[in-house]
Structure formats: structure tokens, C-alpha cells
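S.K.: The structure is given below, and queries will be raised subsequently.
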Amino acid sequence: MHVRPALAAALGAAALLCAAVGPAGADPSETVTVDTAGHLASDGTVTLSGSYRCTAGTGTVFVSSSLSQSDAQVKHGIGGSVAQCDGAEHRWRNTGKADSGALRTGPAHVQATLMELRPSGIAPLPAFHAVTDQDITLDQS
């Protein structure tokens, strides 16, 4: 298994498991946004993008994204990227593939999460810096 898909799967799973917790106590200057258009390639690869801003953390911080379409309960993890938390605004871009034929062009919903994996005993625990939900349009690329 390639490292990037494994990282995306782990980040997506952590985000989905902990999404109900939200960014409790997060710094209000920490944000994550999603561009209003995503791209769907003919091979099923999805590209999502946006911006983020975060301050220094104690662990590695990631921008993860998930996408849903006709059934809001079915979410597809679309990549994950490492965030640079220096207080400045940065761009993020995640790519990933859903199951064959699972996605189509048109309306979609994206959840982007700015999440830190903080050391805590045996396994790191997720700490949310920012979460956003955005309706988008998936365009053919």
C-alpha cells in the first residue's frame, strides 16, 4: 500500500470518528476553507482545494477532506496534506479516488478539517483546529 493513500485513509477515519467533537477551544484565527469547485478526472481522481491558517501545534497538523453527493451519510475521503502552522494563510490541495463510478460531476458537499495528531501515550489523539462544510460543484477535468 502506498504511503499517501494510507495516510489519507487514516486521516479520513480519524476525522469521521471525531467529527462530532468539533474544534473545541480552537483559536478563532485558525480557519480552513474549501473552494466552490472541485475537479473529477475521467479516471475517477478527485481534486479539492482551499485555504487554511493555523498557529503552532505540538504535533503534526493535516488538512483532510471528505466528499459526499446524493447520500450525505456516504463520505469519500479525498486525500490529506501536511499543514504549515505559522499563522499565515496557505493553500491546500488534496487528491484521491473514490470507488469506481461512486462520484459524478455536479453538486457535492465537502468537509475539510484542520487536525493535529498530538502525542498521547501509546497512540496520538486528534485535536481539531478548524472544521468547515461547503457545498461545491464537481467539474470534469
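S.K.: Based on the mean of other beta carbon atoms within 10 Å per residue, what is the order of 127-139, 81-93, most packed first?
M.R.: Highest mean packing first, the order is 127-139, 81-93.
S.K.: Where the eigenvalues come from the Cα gyration tensor of segment 72-135, what are the semi-axes √(5λ) of the equivalent ellipsoid, largest first, in whole Å? Don't skip to the end; give the middle numbers.
M.R.: On the way: eigenvalues 133, 52, 26 Å².
For segment 72-135, the semi-axes come out at 26, 16, 11 Å.
S.K.: Another one. If Lys and Arg each add +1 and Asp and Glu each add -1, what is the summed charge of the other residues whose beta carbon sits under 15 Å from the beta carbon of Arg104?
M.R.: The answer is -3.
S.K.: Output the peptides 47-60, 103-116 sorted from most to least packed, where packing is the average of other Cβ atoms within 10 Å over each peptide's residues. Before the final figure, lay out the partial values.
M.R.: Details: 47-60: 18.0, 103-116: 20.1.
Order by mean packing, descending: 103-116, 47-60.
S.K.: Sticking with this one: Using the beta-carbon distance between Asp139 and Ser51 and R0 = 25 Å, what value does 1/(1 + (r/R0)^6) give for FRET efficiency, to the nearest 0.05? Before the final figure, lay out each step's value.
M.R.: Working: r = 19 Å, r/R0 = 0.76.
Once rounded, the FRET efficiency stands at 0.85.
S.K.: Grab every C-alpha pair in segment 37-107, bin the distances at 10 angstrom width from 0 up to the longest one, and report whole percents.
M.R.: That works out to 19, 45, 25, 11, in percent per bin.
S.K.: Taking the Cα-to-Cβ direction at Ala72 and at Ser29 and moving 7 Å from each Cα, how far apart do the two end points lie in nm?
M.R.: 3.4
S.K.: OK, next. Set the Förster radius R0 to 22 Å, insert the Cβ-Cβ distance between Ser120 and His90 as r into 1/(1 + (r/R0)^6), and round the FRET efficiency to 0.05. All intermediate terms of the calculation are to be shown ahead of the outcome.
M.R.: Working: r = 26 Å, r/R0 = 1.19.
Calculated value: 0.25.
Every read-out reported here was derived from the displayed coordinates using simple, explicitly stated rules and does not represent laboratory data. A quick note: this is a predicted structure, and the numbers were derived from the prediction, not measured. Cβ atoms come from the backbone with ideal geometry, glycine included; neighbour counts cover every protein chain shown.
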